[in-house]
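Okay, structure first, notes after.
All of the numbers you see were taken from the coordinates with simple rules; none came from a lab. Quick caveat: nothing in here was measured; it's all calculated off a predicted structure. Neighbour counts run over all protein chains shown; Cβ positions are idealised from the backbone, glycine included.
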Amino acid sequence: MKISRQIFAGLIAPFLFAVGLAQAAPEAPDTLIKRVSQEVLDLAKTDKKIQAGDQQRIMEVVQEKIIPYVDFQRMTALAAGRFWRDASPQQQTALIREFRLLLIYTYSGAISQVRNEKLEFRPMRGDPADEEVEVRSMVSQSRGEPIQLNYRLEKTPSGWKIYDVNILGAWLVETYKGSFSTEINKGGIDGLVKTLAERNKRLAAQSPKSDKS
Amino acid sequence: MSYLLKPLRWCCVVFFMIFVSGCATVAPDASSDPRDPFEGYNRTMYSFNQVLDKGLIRPVATVYADYMPNFIQKAIGNFFSNIGDIWTAANNLLQGKPRESASDLARVLLNTTFGIAGLIDVGSHMGLDKHDEDFGQTLAVWGVKSGPYVVLPIFGSSTLRDSIAKPVDLNADPVGYIDSVRARNTAIGARLIDGRAALLPTTRMIDSAALDPYLFVRDAYLQRRASRIRDGAPDPDSKD
């Protein structure tokens, strides 16, 4: 009796395991954010190159650890607002590319400033069946009040992706909307892309360690 | 009467002069934000503040941030933060939040005694979170709408309602009742520079990330202000 049960289990288990893998639930949004944030934070605190402000190294970390979980297409589309539908696919691609680069430079700057910040996560509200959620966290630093840092994520076929970030109460997309629409009114989408590209060139040329303002 | 209110007359004069001249230079474009009907004046005042900041305040704050030992910076920050907690407690009460108000008073008590006159933030370590309230937020909770975006001389971003509330905040500021001119100016200066130093990473980020710093600051400020009035709760009206 025991032996046949074992054989039974031995035959069935791998099958169930394989089926289980194929239908593995995508990582929950708050788990995802917690994991990625902690990884990046730990890296920023221990990696000597990052602490020294090595732009190259920071960009590597950002590309590897953060970019895969961000939906830049949606972010850019939201920031461009009503002008997005009137843009040609080439313009859209160009805009996504430049905005993405700008955000990477900005985020990299913030990472190089990390010293001994700690992260705290709020319990996530909302329905487990929601397709869009908000993950809320607090960054406590050595000086000043804790910084509110929230994320908006959407469920995509390839897992949850971030499409908006909130720092201290201000949503990134909302904050860029005004600037985007002003630039587009001045010189069209191409004008905006050009402005962003120029800004990105300037940021690339800047010395990585710019602690002096 | 608070010494801080005395220069208010001159501030109003400067404000008015720049307002009038700013109105004459409204940028003609199709994308005027309904929240910012005074954009012409606001941009002028913003530029004025930037000149003052880049020329004087930022350099001093940078030296302070770079050379003053961290623990002293922290102590100074805590000291002024503690003084501010009293007014925060009052506003929490006015907003109908007695628990937060009691927590703020407990913070003041703990920090002033165990925290040695506020130099150490014992309260936060004991789980009493710091709140951030002013009379403008109290008015908002009472139902007063924010009104248009207004940039004030030196104080920077504000709204019409908050600008009107500002004299009330100034009147409640204990620093304004220090009789010795020198001590008072030292306190004001120290608080200003410490506050500015704390914001240096933010302004550096704005310099690199913002396409139009004026718009960036305005839009971030208005969102943040609304968030502070809600005490960080999610926006019930936000749509995506």
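Data for the structure
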| item | result |
| --- | --- |
| Taking B:F114, A:F121 and counting other C-beta atoms within 10 Å, the order from fewest to most | B:F114, A:F121 |
| Exposure proxy order (Cβ contacts within 10 Å, fewest to most) of A:V40, B:V14 | B:V14, A:V40 |
| Taking the C-alpha atoms of the range B:8-148, convex hull volume expressed per residue in Å³ | 168 |
| Cross-link reach list, lysines versus A:K194, counting only Cα pairs under 16 Å and skipping chain neighbours closer than eight places | A:K186 |
| Partners for A:K155 among lysines (Cα-Cα distance below 19 Å; same-chain residues under 8 apart left out) | A:K34, A:K65, B:K239 |
| Degrees, to the nearest 10: B:58-67 long Cα axis against longest axis of chain B | 30 |
| Gyration tensor (alpha-carbon) shape descriptor, the range B:36-86, a/c threshold 1.5 | oblate |
| Selected from B:A226, B:A197, B:T159, residue furthest toward positive end of dipole (the range B:149-240; charges at beta carbon) | B:A197 |
| Per-residue mean of C-beta atoms belonging to partner chains within 10 Å, peptide B:226-235 | 3 |
| For A:V133, net neighbour charge (Lys/Arg +1, Asp/Glu -1) across residues whose Cβ lies under 11 Å away | -3 |
| Enclosed volume per residue, in Å³, of the convex hull spanned by Cα atoms of the range B:112-240 | 170 |
| Taking all pairs of distinct alpha-carbon atoms in the range A:23-177, Kirkwood radius in angstrom | 16.6 |
| 0 to 90° range, to nearest 10: angle between helix B:181-198 axis and chain B longest Cα axis | 70 |
| Gained length - B:W10 relative to B:K145, 0.36 nm times residue gap less alpha-carbon distance | 45.9 nm |
| Cα gyration tensor category, rounded, prolate or oblate, for the range B:88-159 with a/c compared to 1.5 | oblate |
| Of every Cα-Cα pair in the protein assembly as shown, the percent that sits beyond 27 Å | 61 |
| Residues A:Q141 and B:M126, FRET efficiency given R0 of 25 Å [Cβ-Cβ distance, rounded to 0.05] | 0.85 |
| Least to most buried among A:L153, B:L4, B:L199 (fewest other Cβ within 10 Å first) | B:L199, B:L4, A:L153 |
| 19 Å Cα-Cα reach of A:K201 towards lysines, excluding residues that sit fewer than 8 places from it in its own chain | A:K209 |
